[in-house]
Amino acid sequence: MELWEPESRCRRAQRYAASGSTLPWDRFSAWLECVCVVTFDLELGQAIELVYPHDVRLTEKEKTSICYLSFPDSYSGCLGDTQFSFRIRQSVGHKLSMNGEEEKYNRDAPVVLQWDRAHYYGFVYFRQVKDSTIKRGYFQKSLVLISRLPFVNLFCSLLQLVAPEYFEKLEPCLEAVCNEIDQWPAPVPGKTLSLPVMGVVIQVWIPSKNDKIGTSPLKQSNQENLLPAPMVIPTVNELDFFRCFQQILIHIQMVWELMLLGEPVIVMATSPTVSSDTVLALIRPNVVLGVTNPFFIKTFQHWPHIIRLGEIKMSGDLPKQIKVKKLMKIRTLDTKPGIYTSYRTFLHKDKALIKRLLKGIQRKRPSEVQSAIVRRHLLELTQSFIIPLERYVASLMPLQRTITAWKNPPQIRPFNQEEFMKTLEHAGPQLTSVLKGDWVGLYRHFIKSPNFDGWFRMRHQEMRKKLDILHFEVLCQADLLKWIREKSEVEIVDLVLKLREKLIKARVHQLPVREDLLEKLELYVETVISSLPDDLQVVLHRH
């Protein structure tokens with residue numbers, strides 16, 4: 001298994017440590033892991049022609065995955081230039097931990113934009129054109145950006161600038177671009193950044209977890225009189241929701257429920273661009289697979305939910321809407337577009353939303369505005385669903401007055417499904433949503449789903465952390481010296497070890513505890529140790 005090359009990185013670290021300078025490619029790696037060029041070899045098939053920077057080491061498994069996913073399948077018939085994206089799992093043994101800057105970024109970034117320690121995102125610009133000088137008759141090559149950040153808008157826009165130039169000027173162009181990226185400031189949530197590349201300044205805003213959904217200062221502010229005029233990207237990741245969902249507008253409620261419940265879904269489309277963008281718009285639940293090859297219709301006909309998208313054709317003022325069909329009908333390779341599922345929705349369709357979107361089409365409302373309407377609707381629907389759960393889970397937290405210095409923090413009460421269901425009558429989603437239907441049935445199904453398990457585990461960890469902080473603050477304010485007067489040496493040593501463990505935890509996990517309280521507790525620990533016999537002091541200082 002190939003891993004990072006330690007010697008070159010170590011030499012560079014030693015060379016730059018004394019001067020305090022930034023390591024070469026440190027800024028580059030804050031944005032991209034590497035850039036790959038994938039070509040078609042008559043003997044090998046799809047193969048990596050180039051990886052830049054040269055000292056980046058990908059495992060053979062990662063190279064194979066990148067090669068396979070960087071070309072559209074042969075059935076797509078993509079002539080000209082095509083852009084799409086993918087995600088692969090990082091090989092075992094590669095970097096799974098984060099450095100300080102990456103941890104800081106993740107603390108401030110929304111969950112959907114966080115630095116991914118276990119996966120690589122690939123952003124592809126594929127070119128296929130006829131070329132009689134090549135034995136196969138076609139020039140086929142992909143320029144691929146590999147990153148741990150899901151910045152689909154930014155990296156696709158970057159490829160639109162770089163790829164055509166690269167195909168003409170090859171490696172010197174790529175080296176120049178990578179050196180420019182190595183000068184970019186690090187990504188910071190909540191900041192607008194100016195990123196120069198190839199004579200263009202890309203101006204982009206990276207959302208923060210504290211921002212209101214759907215807002216961007218770049219949408220609202222007048223651009224400065226910059227020359228040349230910047231390429232403005234309002235946010236790094238927002239897709240054109242309306243374009244992705246325009247064939248399934250009347251089924252948006254069903255698709256939302258499938259995502260909420262973590263149901264495995266296949267998106268079949270006629271092009272890799274539509275397939276990958278639709279998968280990203282669905283924000284990956286348990287499994288969402290995007291494919292273009294009709295072969296998968298037969299291979300995955302046992303999957304419970306298949307969304308088959310066709311070419312986008314306008315029928316009057318409305319994109320032709322696909323129908324919901326029984327799963328048993330998807331048997332042949334010439335299957336028509338449709339949603340193939342046996343799933344029945346718990347909630348009724350929002351007719352007002354569909355009517356509003358259709359009016360927008362008739363009035364030629366910009367796609368960006370239509371997308372904002374869809375995104376706002378789905379956000380409000382999700383919030384209406386999750387608020388009763390949040391309210392109930394918050395009630396499982398022990399009261400602050402039950403936390404004392406001399407006992408371990410009290411336990412969080414377990415989630416009781418029936419107890420939660422009783423709260424819905426007076427504090428359910430009907431308080432914030434006008435949608436009718438079987439909300440109780442939807443909650444019961446959700447609680448059985450993998451999405452609930454992940455959500456509740458995350459909330460439980462947050463509450464556990466909050467309890468640790470409260471207990472820590474109570475400890476810092478307690479009179480430890482008075483407490484130890486009546487205790488045995490064994491009890492005092494046990495206390496010292498526990499307090500040290502808590503101090504280490506607070507420092508390592510950077511708990512939001514005031515620095516003066518931390519210093520006070522550290523001083524207490526040293527004072528307690530000094531009150532013990534010399535032999536115990538020696539033992540504790542060794543630990």
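The values are calculated or read from the model by the stated rules, or taken from the named source; none is laboratory data. This one's a predicted model, so the numbers in the text were calculated from it and none came from an experiment. Counting neighbours? That spans all protein chains shown, and the Cβs are built from the backbone with ideal geometry, glycine included. What goes into the accessible areas is simple: the full protein's heavy atoms, side chains included, and nothing from ligands, DNA or RNA. Shrake-Rupley method; radii C 1.70, N 1.55, O 1.52, S 1.80 Å.
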*How many of the residues making up region 489-508 are in contact (Cβ under 8 Å) with a residue 40 or more places away in the chain and not hydrophobic (A, V, I, L, M, F, W, C)?*
2
*asked:* Checking the conditions here, which among LEU503, LEU523 is out of contact with any strand residue (DSSP E or B) (no Cβ under 7 Å at 6 or more places or on another chain) and open to solvent by less than 30 Å² (accessible area, probe 1.4 Å)?
replied: LEU503
*Is one or more of the residues making up region 363-384 touching a residue at least 40 places away in the same chain (Cβ under 8 Å), at negative phi, part of a loop (DSSP other than H, G, I, E, B) and more than 23 Å from the chain's Cα centre (by Cα)?*
no
*Which of the helices (runs of 4 or more DSSP H) contained wholly in region 426-488 include at least 1 residues that are without any contact (Cβ under 8 Å) to a residue 40 or more places away in the chain and open to solvent by less than 60 Å² (accessible area, probe 1.4 Å)?*
439-447, 450-477
*Would you mind telling me which numbered condition in (1) in contact (Cβ under 8 Å) with a residue 12 or more places away in the chain; (2) within 30 Å of GLU462 (Cβ to Cβ); (3) surrounded by 12 or more Cβ atoms within 10 Å (Cβ to Cβ) VAL528 fails?*
(2)
*asked:* Let me spell it out: the conditions are (1) of a type outside the set (Ser, Thr, Tyr); (2) open to solvent by 30 Å² or more (accessible area, probe 1.4 Å); (3) touching a His at 6+ places or on another chain (Cβ under 9 Å), and ARG376 meets all of them except one. Which number is the exception?
replied: (3)
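Here's the yes/no breakdown for (1) β-branched (Val, Ile, Thr); (2) modelled with pLDDT under 85; (3) touching a helix residue (DSSP H, G or I) at 6+ places or on another chain (Cβ under 7 Å); (4) open to solvent by 20 Å² or more (accessible area, probe 1.4 Å):
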{"site": "TRP184", "(1), (2), (3), (4)": "no, no, yes, no"}
{"site": "THR192", "(1), (2), (3), (4)": "yes, no, yes, yes"}
{"site": "LEU195", "(1), (2), (3), (4)": "no, no, no, no"}
{"site": "VAL200", "(1), (2), (3), (4)": "yes, no, yes, yes"}
{"site": "GLY214", "(1), (2), (3), (4)": "no, yes, yes, yes"}
{"site": "PRO228", "(1), (2), (3), (4)": "no, yes, no, yes"}
{"site": "ASN237", "(1), (2), (3), (4)": "no, yes, yes, yes"}
{"site": "ASP240", "(1), (2), (3), (4)": "no, yes, yes, yes"}
{"site": "MET268", "(1), (2), (3), (4)": "no, yes, yes, no"}
*Within region 340-363, track down each residue that is more than 16 Å from LEU249 (Cα to Cα), modelled with pLDDT under 90 and surrounded by fewer than 14 Cβ atoms within 10 Å (Cβ to Cβ).*
SER342, ARG363
*asked:* Can you report the number of residues in region 405-416 which are open to solvent by less than 60 Å² (accessible area, probe 1.4 Å) and modelled with pLDDT under 95?
replied: 4
*So which residues in region 398-418 are assigned to a helix (DSSP H, G or I) and without any contact (Cβ under 8 Å) to a residue 12 or more places away in the chain?*
ARG401, THR402, GLU418
*Taking only region 29-48 into account, find how many residues are in a strand (DSSP E or B), free of Cβ contacts under 8 Å to residues at least 40 places away in the same chain and either open to solvent by less than 30 Å² (accessible area, probe 1.4 Å) or not polar (S, T, N, Q) (or both).*
4
